[in-house]
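Here's the structure, in structure tokens; my notes come after.
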């Protein structure tokens, strides 16, 4: 109930602010400002060119005609969904229109990379890989603190290697040193400090893109990993202890039970590959951290590229984010991106800029020729990917607000927004830790959007809902339909769509007109186009 | 469309073929065409089976970890038994804890497994283990029992969700690697109307909206017709709308049962949940899980268990009686358990702590042999358990009752074969 009250107050505040922004479009909010295009004439040109050429070579080799380039609004929507988990607001779209078309995408990307929404959304995605979604051990684990810290690191564009190293080596208290939560989350209440084996599995999957977990109990059935590879990695955490002052390097050894003889033996720390990169000095965790993030550890760079790719496209480059066991012979574009990433201090924002400026990100998801499974497999067209629940609810709220909901929004607006997201995700069904397995939609999800409270409340006739504002303030039917399309689908209607919906609005007044606009919002929100990234 | 895999398309294996987006359509949309023949063939191969396998499962989920000593495995007069007394039951020489008198009367139809052993003593991990039959594994997400049943068995004429969780806590049964469409459909106190199945506007406006939607869909499909088809989005909406109009929705409305029946189940959300479970399996739902929370009795164990039993007892007993009267018990497995049991030792707060090393499950119906007690815990409270039954064994038993072979394996997204359950059916209960 409190949420509903809050929602109402929040909506009033938001709408008053929106009205104000309408009247004074450039006042009081973060602005999308024109920036010089980075994709042309910048030092990124060369690497982007090589990535493009690698994909073109692959398409030629496969005799595939790739999809044409998409328009800039489509790219802007993709960027927003990937980086902030929501669509651009109508307010932002208006600001963008003031920028010359050729600079819009670059300006938009720069704006997003400095927006706290990017930090928070990306941090949550990375946190799922680092610590999962479990609540974890209550006393010694603070997930929110961890995610907030990650968000700050991302916004300052801290070199990714240094960030990951801190996760592995940090000592101290989970409240005081948020990075330590990476380790404390594995602590089992009745157990003996952090779980060395779970940490080994995490390090291998999250940072190296390798599944070693299967080798925990036996030699890997279809890959080269041995049980000892896994336990060698676990042994780097063999001296990690937990006390009143938090994590510290103490005494202890890692024990392994041999799967054949059932004998217990002490295992020394060892890495499963690239052994020459392992430093010999320093504590066990410090050695591991420097090995994982070593500029020549190509597993680290490729795994990171693979993960960032998955976050940008909604689908990993190779089959699964965390099993790059095909690493021995990776595709050329992935190698190029990884090399550039390693050569530039593991600069995440640079990586994001390169990938999103490449042709493969700019391709349309449609074409005049038939798009087949082969196009899909070789990235010769942009994939259609179902939006994550947070993206769906974030987008519904953003579409219905007209004004941007971000860190600078009123506290109530943000609290309501976050509350609705949590409630909606609970009902819609969270995707859990493995966010990139291909999944279709479910009927409860459709029911929630067809008949649920959230859509109803965001679109019905309330004093300051988008449908009401548009009905009352738009100059004419054409402008009303166009505003609704820009708000919900980040594009203008086609000629047929415009004609159809203008006829729906024609001659309507007052309550009737608001209802028609509510119907239009409902229709757009329930379309395939809205629920799928494209 | 008669055969209608509304929520859980049988053998939808798109998770396995995620790269083939055209195949995705097959799984999301046309899954119902394929599996029945295979399934019949598989069942026909089974030898020595004369009776029909069970059709549905009802899981009474006692969340928090119920004390075996205050429910199905009392040890009166011992140190570990504490102040809880035993009462005589419909099974000769078998006692259950006081506080379950109505269930005691029905116990001739029930079997008890008093020796379930698990390796997980944490709520989240224990729940995962008991619901899926597997321990948590960071490289894979296993499907819950109900998801497996829906994946392996045909939808027949069911238009409502076939995997339902009533009063779920934060961890309802999920589809895991089989896909989100096998997730349990969640609903809360059946006294309230089912959310989101009722149109929010007049029929006239609704018709107009649907017509308008096709205009937007046409525009989007241009140049990507097959890909849009493969998302299954439009089909899922069509199915949702069929469900919204289905007469089977009445199954969720417990008020349409007579007052005397409702009274027997008890005037509680859980009692209504159990009544809804019966109504749902009558329209062909494969698995209903009904949760009764509040069993995490670290303190004040006896009083808490007493209060919980007062809710559980009438509901469980009425469910068994009702199913039997309607001739449904033989085609419905009823399973009652939680994520683990509780320590034989009583702590200083008069509570019992987590104990996965020997706890109880009650199981009835669906061809499970009634009136059997499997295994026993140590009256002295040690971890020694007679005839231990693993969680995998428990799952294998239920799957076998459903006519499924626990050894049958589905491929995980990375191609690992994963058996339906990794244990052996408890032979004392099957066949």
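Annotations for the structure displayed:
- The C-alpha atoms of chain B define a longest principal axis, and helix B:35-45 lies at about 40 degrees to it.
- Rg over Rh for chain B works out to 0.99, using Cα positions for both radii and the Kirkwood form for Rh.
- The antiparallel fraction among DSSP beta bridges confined to chain B stands at about 45%.
- Mean residue ellipticity (222 nm) of chain A, computed from DSSP H runs ≥ 4 via -39,500 (n - 2.57), nearest 500: -16000 deg cm²/dmol
- Residue among B:249, B:107, B:145 with the largest mean-square fluctuation in a Gaussian network model of chain B, springs linking Cα atoms under 10 Å: B:249
- Extending 7 Å from Cα along the Cβ direction at residue B:205 and again at residue B:260 yields two label points whose distance is 4.5 nm.
- For residue A:192 and residue A:377, a Förster radius of 60 Å and the Cβ-Cβ distance give a FRET efficiency of 0.80, rounded to the nearest 0.05.
- Kirkwood-type hydrodynamic radius, chain A: 24.9 Å, calculated from all non-identical alpha-carbon pairs.
- Highest average first, the peptides B:392-401, A:460-469 ordered by how many other beta carbon atoms sit within 10 Å of their residues are B:392-401, A:460-469.
- Across peptide B:232-238, the average count of Cβ atoms from other chains found within 10 Å of a residue's Cβ is 6.
- Most mobile of B:341, B:77, B:381 in a GNM of chain B (Cα contacts under 10 Å): B:77
- Counting Cβ atoms of other protein chains within 10 Å of each residue's Cβ and taking the mean over peptide A:198-211 gives 1.
- Residues B:67, A:503, A:283, A:531 arranged by fewest to most Cβ contacts within 10 Å: A:503, A:283, A:531, B:67
- Using the Cβ-Cβ distance between residue A:495 and residue A:339 with R0 set to 45 Å, the FRET efficiency works out to roughly 0.45.
- Shape of region B:85-189, Cα gyration tensor, a/c cut at 1.5: prolate
- By the count of neighbouring beta-carbon atoms within 10 Å, fewest first, A:139, A:405, B:140, B:148 end up ordered A:139, B:140, A:405, B:148.
- Of all DSSP bridge pairs formed entirely within the protein assembly as shown, close to 55 percent run antiparallel.
- Cα-derived Rg to Rh of the protein assembly as shown, Kirkwood definition: 0.97
- Based on alpha carbons, the Rg and Dmax found for region A:130-292 are 15.5, 51 Å.
- Stretching the chain fully between residue A:144 and residue A:248 yields a gain of 35.2 nm (0.36 nm per residue, less the alpha carbon separation).
- Once the C-beta distance of residue A:332 and residue B:387 is scaled by a Förster radius of 51 Å, the resulting FRET efficiency is 0.30 to the nearest 0.05.
- Peptide A:491-500 has a mean shielding of 3, counted as Cβ atoms of other protein chains within 10 Å of each residue's Cβ.
- Shape call, region B:236-330: gyration tensor on alpha carbons, a/c limit 1.5: prolate
- Neighbour counts of other Cβ atoms within 10 Å put A:149, B:61, A:379 in the fewest-to-most order A:149, A:379, B:61.
Taken together, the values in this text are just the output of simple stated rules run on the coordinates, not laboratory data. Note that this is a predicted model, so its numbers are computed, not measured. Cβ coordinates were reconstructed from backbone atoms using ideal geometry, including for glycine residues, and neighbour counts include every protein chain displayed.
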